[in-house]
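A short write-up of the structure that comes next.
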Amino acid sequence: MNMFCRTTAVLATFGFFATPVLAEDLVFTLNNFSALGLVEFYTSPAETNDWEEDILGENILAPGMSGEVLIADGRTQCTYDLLFVMSDGQELEDTVNMCELASYTLQ
């Protein structure tokens, strides 16, 4: 798959195309500036013990690529846990205030 098609597939997965955004929806740009592909990406409200479904699905966010992420779960909270699974199997976790987040960069 060429770079354009892969980018389009990833952006479509992230809800990049025109979608109505409700007040509770959270939107941010995810930048993968690491040397590895991002193969799985999970979020969940910080107070829960389970991860939501993989946002990427079957797609991969290749190194150097970015995409817009839309979390439209209807919740009104701001603090979310993030779990990134890289192409080498490495897992990275973080907790962020999504209401103040314009972008998140993996390096």
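The values are calculated or read from the model by the stated rules, or taken from the named source; none is laboratory data. From a predicted model like this one, the values you see are computed outputs, not experimental measurements. Glycine also receives a Cβ, built like all others from the backbone with ideal geometry; neighbour counts cover every protein chain displayed.
What to note about this one:
- Scanning the stretch 22-35 for residues that are at pLDDT 95 or above, crowded, with 17+ Cβ neighbours inside 10 Å and among the aliphatic types (A, V, I, L, M) returns a single hit, Leu30.
- Test result for Thr19, at pLDDT below 95, surrounded by 15 or more Cβ atoms within 10 Å (Cβ to Cβ) and over 22 Å from Val96 (Cα atoms): no
- Criterion violated by Ser87 - all others in (1) out of contact with any helix residue (DSSP H, G or I) (no Cβ under 9 Å at 6 or more places or on another chain); (2) under 21 Å from Asp25 (Cα atoms) satisfied: (2)
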